[in-house]
Amino acid sequence: MRKIFFYTLALCCAFSVFSCKKTKNSATNSLSGHTSVQVPDFSADSAYFYIAKQVSFGARVPNTAAHSQCAEYLVATLQSFGAEVVTQRVQLQAFDGTALNAANIIASFQPAKVHRILLCAHWDSRPFADQDPDRANFNTPVLGANDGASGVGVLLEVARLLATDTLTAGVDIIFFDAEDYGAPDNVQVANSAQTWCLGSQYWSKNPHKTDYTAQYGILLDMVGAPDAVFFREYYSDYYAPNIVNKVWQKAEELGFSQYFSNQQGGSVLDDHLPVNQNIGIPTINIIHYNPNSLSKGFDKYWHTVKDDMKNIDKKTLKAVGTTLVNIIYNE
Ligand code: AHN
Ligand code: ZN
């Protein structure tokens with residue numbers, strides 16, 4: 001096990017040295033038809049490494065050591081990419097009265113730019129595996145390789161690219177905390193919808209900068225499973241139809257229609273909702289959710305003890321990451 005770990009570490013180090021000499025794809029701006037934009041290559045290996053690193057701390061449940069250690073790692077990594085990083089620390093109350101020591105982590109690239117794009121994902125993981133088929137696991141925290149770490153891993157790779165390849169717009173990457181501490185189905189609470197997305201609810205009412213805004217936002221949630229299909233999510237289509245069109249069309253152009261289905265999905269209560277409703281930034285959610293599936297619609301290991309690294313496929317990361325960088329570098 002140790003051997004495998006060090007071997008992997010060595011590979012990753014080798015990778016990060018060589019990745020500096022990355023090749024660039026020349027993409028064509030579809031609007032003008034002739035402007036050529038340099039879009040850096042999104043490395044799925046690198047994103048995978050960032051996911052594994054988060055998971056290596058254990059479940060990132062607020063008020064645990066793994067949570068603090070992961071926060072430290074995220075801040076240091078974002079700073080190493082040259083971002084201006086703000087950690088918004090706040091105590092938030094969970095459905096069961098627990099005071100959660102939460103931290104929204106906000107990384108700004110080119111903070112002085114007025115034209116901005118917001119990219120976000122939640123970095124906490126769920127304290128209970130309450131969808132696990134084995135009831136004995138109901139109180140086990142989930143590792144959240146897909147549910148949490150995948151979106152953050154993809155965005156860390158985007159941040160790594162932003163360190164060397166600047167784009168026209170400014171970019172803010174927000175890792176929201178306490179998304180996944182929502183009340184389990186078997187616990188009756190008033191306004192159970194309000195028990196989810198605590199970090200984004202807070203930030204959207206108390207942004208890190210007064211009068212903060214962005215042109216639009218993109219949330220990533222569960223973007224790493226092998227069988228992922230991203231349908232057009234309901235609130236995304238309601239608040240930001242143009243952004244959904246733009247992203248899904250770009251994915252198709254790039255040959256990722258297998259992952260991005262142009263069909264409508266259901267509605268998902270997620271961090272994009274407070275961002276749309278409270279701060280008014282049109283924000284979409286790229287999420288693995290199939291309203292027609294027999295289970296609850298999410299990935300089959302959603303909120304189970306099996307949401308570990310075996311649930312992460314580099315091909316899915318590549319599809320999402322490549323689409324995302326092609327969107328932002330064409331702004
Ligand atoms: C609810 O199940 C209410 N929302 C799903 C949002 C979520 C949970 N994303 C990740 N974990
Ligand atoms: Zn979750």
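The values are calculated or read from the model by the stated rules, or taken from the named source; none is laboratory data. Bear in mind the structure is a predicted one, so any value in this text is a computation, not a measurement. Here Cβ is always computed from backbone atoms with ideal geometry, including for glycine, and neighbour counts include all displayed protein chains. Ligands, DNA and RNA are excluded from the accessible area calculation, which covers all protein heavy atoms including side chains. Shrake-Rupley method; radii C 1.70, N 1.55, O 1.52, S 1.80 Å.
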Original post:
Given (1) away from ligand 1 (no atom under 13 Å from the Cβ); (2) under 22 Å from residue 218 (Cβ atoms); (3) among the β-branched types (Val, Ile, Thr), where does residue 152 come up short, assuming only one miss?
Top reply: (1)
Subject >> Single unsatisfied condition, residue 187 versus (1) open to solvent by 50 Å² or more (accessible area, probe 1.4 Å); (2) touching a His at 6+ places or on another chain (Cβ under 9 Å); (3) among the β-branched types (Val, Ile, Thr) >> reply: (2)
**OP:** Quick one: count up the residues across the stretch 292-331 that are modelled with pLDDT of 95 or more and either in contact with a Pro (Cβ under 6 Å, 6 or more places away or on another chain) or farther than 27 Å from residue 172 by Cβ (or both).
**Re:** 13
Original post:
Which residue pairs have Cβ atoms closer than 8 Å, lie 6 or more positions apart in sequence or on different chains, and pair a first residue in the stretch 185-208 that is over 23 Å from residue 139 (Cβ atoms) with a second residue that is in a helix (DSSP H, G or I) and open to solvent by 40 Å² or more (accessible area, probe 1.4 Å)?
Top reply: 201/194; 201/278; 204/277; 204/278; 205/278
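Yes/no per residue for (1) assigned to a strand (DSSP E or B); (2) more than 18 Å from the chain's Cα centre (by Cα); (3) not hydrophobic (A, V, I, L, M, F, W, C):
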| residue | (1), (2), (3) |
| --- | --- |
| 85 | yes, no, no |
| 91 | yes, yes, yes |
| 102 | yes, no, no |
| 108 | yes, no, yes |
| 111 | no, yes, yes |
| 114 | no, yes, no |
**OP:** Starting from the stretch 257-283, keep only residues that are over 16 Å from residue 202 (Cβ atoms), then list their pairs with residues that are basic (Lys, Arg) whose Cβ atoms are within a distance under 7 Å, requiring at least 6 positions of separation or different chains.
**Re:** 262/232; 263/232; 264/232; 265/232
Original post:
Counting only residues that are farther than 30 Å from residue 326 by Cβ and among the small types (Gly, Ala, Ser), which one in the stretch 114-147 is nearest to ligand 2 (Cβ to nearest atom)?
Top reply: 129
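Condition check ((1) modelled with pLDDT of 95 or more; (2) open to solvent by 20 Å² or more (accessible area, probe 1.4 Å)) across all residues:
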site	(1), (2)
159	yes, no
173	yes, no
191	no, yes
197	yes, no
203	yes, no
209	yes, yes
214	yes, no
226	yes, yes
Original post:
What's the number of the condition residue 283 fails, among (1) at pLDDT 95 or above; (2) surrounded by fewer than 23 Cβ atoms within 10 Å (Cβ to Cβ); (3) more than 18 Å from residue 150 (Cα to Cα)?
Top reply: (2)
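Among residues belonging to the stretch 151-179 that are within 16 Å of ligand 2 (Cβ to nearest atom) and touching a helix residue (DSSP H, G or I) at 6+ places or on another chain (Cβ under 7 Å), point out the one that is nearest to residue 75 (Cα to Cα). It would help to see each step written out before you state the result.
Restricting attention to the stretch 151-179, the residues satisfying the condition of being within 16 Å of ligand 2 (Cβ to nearest atom) are 151-153, 175-179.
Next, from what is left, pick out any that are touching a helix residue (DSSP H, G or I) at 6+ places or on another chain (Cβ under 7 Å): 152-153, 175-179.
On the way: 152: 12, 153: 13, 175: 10, 176: 13, 177: 13, 178: 17, 179: 18 Å.
Result: 175.
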**OP:** Check the stretch 307-317 and report whether any residue there is open to solvent by less than 10 Å² (accessible area, probe 1.4 Å), touching a residue at least 12 places away in the same chain (Cβ under 8 Å) and within 25 Å of residue 216 (Cβ to Cβ).
**Re:** yes
